[in-house]
Structures are given as C-alpha cells and as structure tokens.
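Trainee: First, the structure itself, so that you have it in front of you.
The values are calculated or read from the model by the stated rules, or taken from the named source; none is laboratory data. If you're wondering where the values come from, they're calculated on a predicted model, not measured in any experiment. FYI the Cβ positions are ideal-geometry reconstructions off the backbone, even for glycines, and counts take in every protein chain you see. Side chains are part of the model used for accessible areas, which takes the heavy atoms of the whole protein and leaves out ligands, DNA and RNA. Shrake-Rupley method; radii C 1.70, N 1.55, O 1.52, S 1.80 Å.
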Amino acid sequence: MLPPVDLRPPFNITRTSHLRLNVADLAASRDFYTTVLGLVVTEEDDSTIYLRGLAEACHHSLVLEKSTDGGTARRIGFRVFFEEDLDEAYRYFRDRDLPAEWVDMPHQGRTLHVSDPVGTPLELCATMETRPRLHINFEQYKGAHAQRLDHFQLLTPDVYELCAFYSKLGFRNSEYLEYGDELVGAFMYRKGTCLDLAMVPGDGPSLHHFAYTVSESHDIFTACDFAGILGYGDQVERGPGRHGPGGMLFAYLRDPDGHRVEVFNSHYQTIDLENEPVRWDAASVSTNARWGLPALEQWYFEASPFVGAPLKSPAVRPAPMTLEKFLGSPQPL
C-alpha cells in the first residue's frame, strides 16, 4: 500500500520550518496569534509580521503578509541540513521539470523556491537568523504558550502520488489511513517524531492546517478560552479531542482570515528503522480515538488555497462521517 522510501535521499530535509500566509487585517491576525496561541512577535512592519513559538530560536515560523487575498497561503517551508543540500535540491527539481528558483528572503540564508508535482509551493533554506528562546521566560507567557511549529497537512487530489514523491525525499510514514485498497491518508515525517507533513484527499494543493505544540494539555483549553474572549468562540472548529492517528490531544481553530491552526500536546518518537507504519482502516474508524463526535463537514473540505496553484479535485470525492451526517442518522439507544 505504501510507496517505498529512499532512506538515503538526494538531499536532506530535516524538519518543518515555517510558512507564509496572506491576511487581510494585520492587527487582527497579530492579536489572534499572540493572544490566543501565545506566539511571540520577532519583528514587524506595516506589511509583514514575523512570529515564532516560545521554544523556537529561529527568527520566524509564521510569517503574516498583508494582502487583498487574505485567506490564501503563499508557501510552506522546510529546513535542509547543509547549504549543499540546497544545490542538490535545485538540480533534483530541475531534472524533473519542476519549478526551482533562487530567491532572497529577509532573515534567511540562501533560499530556494520549488513546487511538488501537484503544485504545492515550497520554500527551502539551510539557515535563518536566531533569537533567544523564551520557553522559560514565564512572565511573557500569553494564551496557549505555543512552543514550536510542528507540521502541515495538505489536501491533494492524489494521496498516493504525493506520498510517493515525498517518500523519494526520505519522508517516512508513521501512520496511514486505508480504505479498501486505496491510500486516503499519509502521516509523514523527517525530524524523528511522527509528523512533519500529512496529506489527505481533497481539492488541492491547499493547506488544510498547520500545527503548534503546547507543553500542557490544559493549554489547549486556554487557546479555546482566549478565542472565546476575543470573539472567535464559534471559530473553535473541532475539539478539544484526541486523535486516533498520533494519539494527541488537540483543538482546531480558524483565524480571522479562515486559516486553520491546530494546537496539540506533541507526540511520540519514530527515529529507529524498525518503527513500522501503523495502519488505520478508514472504513471503521474516525480520526478520533474511542471518544468524541465526528468533525464538521467543513473541517474535511475547507482549506487555504495556495497563491497561483490551480486546484484539482480527486477522482472520487471523499465521503467521511461528518457531524452533520452523524446527527442526521438514527442512533442506538
């Protein structure tokens, strides 16, 4: 079911690094991410805000850019280990007739813009400016005390195709969802925990969500509480709950532009080669573990489109058990 993995990939992606989002109102977005999630503003001007988690030393993990296209995503970013990995990546993408372009980005070293086969815009860099970690500066804690950016989830028209591409870049699967003989969810990693990049079927490429870790389970509730205080209570879209894949406690929130962000309490290690991917039968389980209601239909199908990336639909539209279906069906007494 799963594509083979190249354990000695042509260049070394090490982890999820950062992302760039378009927002309509910088002040509203700043308030949301600093007050609800507790992210720290590293630097800002009239058009851009650079934020990071409390445990992050690198200059930014989230970049908000003012735009009339609020609600769209610009790029997701990964780190590579050495500068020469960038050169290898450039050749790799060019040899496969995929976009690859050198760009200058503030606060980063040499940066490469590429796109995967379904059109997801990626940004690769090997170095970034640093700032002091603030994880023990408790007097500066706000909101959910978000610690670090952990992963992205994409909607894609063909999960297997995209999983095969990233498998050739050394991404391994910690867990996966299967429906009959079809791969309908892949949870892939590079950094030695169970997730850097997840992919599920849908109109894509589009950004379903990005996720920050929190230190304590109660921080998830704190994010929901502050969302309510700021008037975003109805934007607590799913949870708090517990995932089946990964086993994490979580909540999903929508920011002022509709971008979806997850806060969760981290997950397990997957460094050793004998860690076999865990299979989940999508016909018999939801993405909750043992308890909790299904997600709203919008959670499955709504996502942030990438600027300049045409959307393509899956050959077969997914039909998950949604909260709307669940409430409309007869329930056992």
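Trainee: Between the alpha-carbon centers of region 173-228 and region 76-94, tell me the distance in whole angstrom.
Mentor: Each part's Cα centre sits 24 Å from the other's.
Trainee: Same structure, new question: LYS142: which lysines have alpha carbons under 27 Å from its alpha carbon, excluding same-chain residues fewer than 8 sequence positions away?
Mentor: Leaving aside lysines fewer than 8 places away in the same chain, those within reach of LYS142 are LYS66.
Trainee: Also: For region 79-237, what is the relative contact order in percent, using Cα pairs closer than 8 Å and at least 6 residues apart in sequence?
Mentor: In percent, rounded to a whole number, it is 20.
Trainee: Considering only THR68, THR120, THR322, give the residue with the highest GNM mean-square fluctuation for the chain, with springs between Cα atoms whenever their separation is below 10 Å.
Mentor: Most flexible of the set in this elastic network: THR68.
Trainee: Let me ask you something else. When we measure straight from the Cα of LYS191, which lysines land under 21 angstrom away, once same-chain ones fewer than 8 places off are left out?
Mentor: Those lysines meeting the cut-off are LYS168.
Trainee: With just the Cα atoms defining each centre, how far is region 34-58 from region 292-333? Give it in Å.
Mentor: Here the answer is 31 Å between Cα centres.
Trainee: Leaving out ligands and nucleic acids, and using a 1.4 Å probe, what accessible area per residue does the chain come to in Å²?
Mentor: Result: 44 Å² of accessible area for each residue.
Trainee: Please list, by residue number, every one of the chymotrypsin sites (Phe, Trp or Tyr not before Pro) in region 32-86 that is coil in DSSP and has at most 13 other beta-carbon atoms within 10 Å.
Mentor: Those that pass, being in a loop and sparsely packed, are PHE81, PHE82.
Trainee: Continuing with the same structure: Within region 142-222, which GluC sites (Glu not before Pro) sit in a loop by DSSP and count at most 13 neighbouring Cβ atoms inside 10 Å?
Mentor: Values: sites: GLU161, GLU175, GLU178, GLU182, GLU216; in loops: GLU216.
Answer in residue order: GLU216.
Trainee: Follow-up question, since we're still on this one. Could you name the lysines in cross-link range of LYS325, using Cα to Cα under 16 Å and dropping any fewer than eight places away on the same chain?
Mentor: By straight Cα distance, LYS325 reaches no lysines at all.
Trainee: Using a 1.4 Å probe over the heavy atoms of the protein chains, calculate the carbon and sulfur portion of the accessible area of the chain as a whole percent. Please list the in-between numbers first.
Mentor: Working: 7630 of 14640 Å².
Carbon and sulfur: 52 percent of the exposed surface of the chain.
Trainee: Based on the Kirkwood radius over alpha-carbon pairs, what is the Stokes-Einstein translational diffusion coefficient of region 243-318 at 4 °C with 1.567 mPa s viscosity, in µm²/s?
Mentor: Result for D is 83 µm²/s.
Trainee: Related question: Would you mind telling me the antiparallel percentage of the DSSP bridges in the chain, rounded to 5? It would help to have the intermediate numbers written out before the result.
Mentor: Numbers: 57 of 80 bridges.
If we restrict to bridges inside the chain, about 70 percent are antiparallel.
Trainee: Under 10 Å, Cα contacts only: if you run a Gaussian network model on the chain, which one of ASP97, ASP150, ASP87 comes out with the highest mean-square fluctuation?
Mentor: In this elastic network of the chain, the residue with the biggest mean-square fluctuation among ASP97, ASP150, ASP87 is ASP97.
Trainee: Over the chain, what is the mean sequence separation of C-alpha contacts under 8 Å (at least six apart), divided by residue count, expressed as relative contact order in percent?
Mentor: Details: 824 pairs, mean separation 63.0, N = 333.
Result for the chain is 19 percent.
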